[in-house]
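Contents: one structure, followed by commentary.
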Amino acid sequence: MAFDANGAVLAEPQGDAVVKVRDVVKFFGQLKVLDGVSLDVKAGDMVAIIGRSGSGKSTLLRCMNGLEDIQEGKIVICGHEVGYGQSNRADLRRDVGMVFQSYNLFPHLTVQRNITLALTLVKKKSKAEAQRLAEQVLDQVGLADKMLSYPEQLSGGQQQRVAIARSLALSPQVMLFDEVTSALDPELTVEVLRVMEDLAKGGMTMILVTHEMAFAQRVANQVVFMHKGKVWEAGPTRELFSSPKTSEFAQFIGTGL
Amino acid sequence: MIQFGPAHVIYILEAVRWTVVLSLVAFAGGAVLGLLLALARVSRSILLRAFSAAYIQTVQGTPLLILLFLAYFGLSLLGYRLAPLVAAGLALTLYVGAFLGEIWRGCIQAVPRTQWEASDCLGLNRFQQYAYIILPQAIRIATPPTVGFMVQVVKNTSLASVIGFVELTRAGQIVNNSTFQPLMVFILVAALYFAICYPLSVASRALERKLNVAR
Ligand SMILES: Nc1ncnc2c1ncn2[C@@H]1O[C@H](COP(=O)(O)OP(=O)(O)O)[C@@H](O)[C@H]1O
Ligand SMILES: [Mg+2]
């Protein structure tokens, strides 16, 4: 993982990185939200992005998926350069899945249809094949019995697991998670985190923005601490937590968040 | 003076047909135009947005009566002599289209932005997003205001009487002119408008219930 705090590079970029973010600058109007962000993610990595609210974590994730445009720099995921509103988005979409804090299931469709929709429309799978995949991913997140439910009939934790399953069904190379447990009660958080931990163990490349520090420490192999729109400190999880290099990071983990 | 009798009642009842026909023309034409306008209002093309906004503003700022005059007398001056039903259908289509366009634009925009993002992230293209995600949810939001507006339209078809189209209101006037029994005549006319509009409201409530269950 490349690391870029105030210009200092602590590790060489990996040649086999599936996600490459280079010197990305992003403005919202006059506000500079990302200020020269670079990072690399290798296949199989689980990267936790942490930092105070407003430090640009969500924006970085959204830029990675082309949901926001960037003013400078470059983002390449699985060999596709990410461009906002670009027409070759289909390639990017095939390889990158994203899960949101607010689940964003389609309220007018059953759990099953939420999952099979993109399989049939985008991946051109047969109905039977899509159905089979839906069963498989729902089983994976422990909701095989909710196939015909509507989202509003499920708890928040169940909805979020369906959202993960929906994304998973498209077999992405990389999955992005933006504070997927922040809207959940503690008990429901646990079940979602368990699903994510299973995914990480299965070798999925994952980048997650999270406030679950204990979870990040335990499961992520790389941590990125963002501060004021910059990657302030980054590296292997254990190293980073055992010897913080900046006072800002020390303070951030010191306050126990 | 001629006595208000069964023949008059039948005459008025027959005119109900024309009110219904004109209403149906206005809904059908207005719905097609309204959908196009609503989609243009939320499109990514500045030109389409500007054009549809200008159209909606202009038509909403013009009394329906004037639209009817323009479609009937105005066009005939230009050499297009339209039958009253055609002229009234045209004016109402233009009018209903503008209002439905604005109502439906609001309904499309009321679907949370996150639904666009989630479906985008799954790889759906813009057409698929509209067809499978956005419009089905917008329709649910749109049902009550649309039916409310349809009821207004049924009543507004009475204005077509000014260009000589014999619908319910005009038939009532004609009967009243010969019988001089305004109370009887116009109570009957009002009851018939109610008989058309009330089922619309009932159907709307039933539809809302159905849409609410199916989710
Ligand atoms: N759509 C937007 N328009 C304007 N400013 C935004 C928008 N989204 C985020 N911001 C601003 O960008 C900064 C970073 O936001 P965000 O990436 O959401 O931070 P984080 O996820 O780390 O809490 C904040 O100051 C926020 O107010
Ligand atoms: Mg955030």
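Annotation for B:Phe73 and B:Val21: the two label points, set 7 Å from Cα along the Cα-Cβ direction, are 2.5 nm apart.
Tally Lys/Arg at +1 and Asp/Glu at -1 over every other residue whose Cβ is under 14 Å from the Cβ of A:Leu133; what's the total? Working shown, then result.
Details: positive: A:Arg113, A:Lys123, A:Lys124, A:Lys125, A:Lys127, A:Arg132, A:Arg166; negative: A:Glu129, A:Glu135, A:Asp139.
Net local charge, A:Leu133 excluded: +4.
Across segment A:2-253, Cα-Cα pairs farther apart than 32 Å form 20% of the total.
Each residue of segment B:30-47 was assigned a 3J(HN,Hα) from its phi angle through the Karplus expression (A = 6.51, B = -1.76, C = 1.60, θ = phi - 60°), giving x, 5, 4, 4, x, 5, 4, 5, 4, 5, 5, 5, 10, 6, 8, 8, 4, 4 Hz with x at Gly and Pro.
For segment A:93-150, the gyration tensor built on C-alpha atoms gives a rounded shape. Its axis ratio a/c (a ≥ b ≥ c) stays under 1.5. Close amide H partners of A:Gly73, meaning residues 5 or more places away or on another chain with modelled amide H under 5 Å apart, are A:Val25. Between B:Gly30, B:Gly172, B:Gly123, the GNM of chain B built on Cα springs shorter than 10 angstrom shows B:Gly123 fluctuating the most.
Can you give me the orientation-averaged projected area of the convex hull built on the Cα atoms of the protein assembly as shown, in nm²? Let's see the in-between values first.
Numbers: hull surface 117.0 nm².
Computed as one quarter of the Cα hull surface, the answer is 29.2 nm².
If you count, for every residue in A:96-108, the Cβ atoms of partner chains within 10 Å of its Cβ, what is the mean? Walk me through the numbers on the way to the answer.
Numbers: counts 2, 3, 5, 2, 4, 1, 3, 2, 9, 2, 10, 8, 10.
Average per residue, whole number: 5.
Here the Karplus curve 6.51 cos²θ - 1.76 cosθ + 1.60, taken at θ = phi - 60°, turns the phi angles of segment A:33-45 into couplings of 9, 10, 10, x, 8, 10, 6, 10, 10, 8, 4, x, 5 Hz, with x standing for Gly and Pro. When peptides A:213-225, B:9-21 are sorted by average Cβ neighbour count within 10 Å, with the highest value leading, the order is A:213-225, B:9-21. Other residues lying with their Cβ under 11 Å from the Cβ of A:Glu239 contribute a combined charge of +1, Lys and Arg counting +1, Asp and Glu -1. Among the residues of B:181-194, the average count of other protein chain beta-carbon atoms within 10 Å of the residue beta-carbon is 0. Close amide H pairs (under 5 Å, H built 1.01 Å from N) link A:Lys230 with A:Asp35, residues at least 5 positions away or on another chain.
Among the residues of B:120-133, the average count of other protein chain beta-carbon atoms within 10 Å of the residue beta-carbon is 6. Roughly speaking, what is the centre-to-centre gap between segment B:153-174 and segment A:178-254 when only Cα atoms are used, to the nearest Å? Comparing the Cα centres of segment B:153-174 and segment A:178-254, I get a distance of 70 Å. When the convex hull of its Cα atoms is viewed from all sides, chain B shows a mean projected area of 14.5 nm². Taking amide H positions as modeled 1.01 Å from N, with prolines and chain starts lacking one, no residue 5 or more places away or on another chain lies under 5 Å from A:Thr246. For segment B:3-88, relative contact order (Cα pairs under 8 Å, six or more residues apart, normalised by length) works out to 18 percent. Looking at the protein assembly as shown alone, DSSP beta bridges between its own residues are antiparallel in about 55 percent of cases.
Rg over Rh for segment B:1-100 works out to 1.14, both radii taken from alpha-carbon positions and Rh defined as the Kirkwood radius.
In chain A, helices alone account for a calculated mean residue ellipticity at 222 nm of -10500 deg cm²/dmol, with every DSSP H run of four or more residues adding -39,500 (n - 2.57).
Quick one: pull the percent of accessible area on segment B:6-211 belonging to carbon and sulfur, 1.4 Å probe, ligands and nucleic acids left out.
Values: 7290 of 10080 Å².
Carbon-and-sulfur percentage of accessible area, whole number: 72.
The values are calculated or read from the model by the stated rules, or taken from the named source; none is laboratory data. Predicted, not measured: the structure shown is a model, and the values here were computed from it. Glycine gets a Cβ as well: all are built from the backbone with ideal geometry, and neighbour counts include every protein chain shown. In case anyone asks, the SASA skips ligands and DNA or RNA and just uses the protein heavy atoms, side chains included. Shrake-Rupley method; radii C 1.70, N 1.55, O 1.52, S 1.80 Å.
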